[in-house]
1. Can you name every residue in region 9-64 that is exposed (fewer than 10 other Cβ atoms within 10 Å of the Cβ) and either in contact with a strand residue (DSSP E or B) (Cβ under 7 Å, 6 or more places away or on another chain) or polar (S, T, N, Q) (or both)?
2. Cβ-Cβ under 7 Å, sequence separation 6+ or interchain: first residue in region 49-72 and at pLDDT below 70 and part of a loop (DSSP other than H, G, I, E, B), partner surrounded by 10 or more Cβ atoms within 10 Å (Cβ to Cβ) and not hydroxyl-bearing (S, T, Y). Which pairs?
3. Here are the criteria: (1) in a helix (DSSP H, G or I); (2) hydrophobic (A, V, I, L, M, F, W, C); (3) more than 23 Å from the chain's Cα centre (by Cα). Tell me which single one A39 does not satisfy.
Amino acid sequence: MNPADSALDTAALAYARALLRKPMRRQKMGPVLAAAAFAALSAVTFATVMVIAPPAVVQHLPSERLGDQPAVP
């Protein structure tokens, strides 16, 4: 039998299938955007602090290697 000769209404079948299909849940964008904004703000803050903060080591070489006289007790 040719599908074009069917006694079933294709529009009604499509409508019935659409009614039986589970509804799609929309993803809430608020928490996603808040997490992305927090990560971006944290990264910018960390980079700013790393640029502004003084170095942890102020003298990389001992004074003897710089040509200074060693301290005599």
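1. Passing the criteria: Q27, Q59.
2. Between residues of region 49-72 that are at pLDDT below 70 and part of a loop (DSSP other than H, G, I, E, B) and residues that are surrounded by 10 or more Cβ atoms within 10 Å (Cβ to Cβ) and not hydroxyl-bearing (S, T, Y), the close pairs are P70/E64.
3. Result: A39 fails condition (3) only.
The values are calculated or read from the model by the stated rules, or taken from the named source; none is laboratory data. None of these values were measured; they are calculated from a predicted model. Positions of Cβ are backbone-derived with ideal geometry, glycine not excepted, and every protein chain shown enters the neighbour counts.
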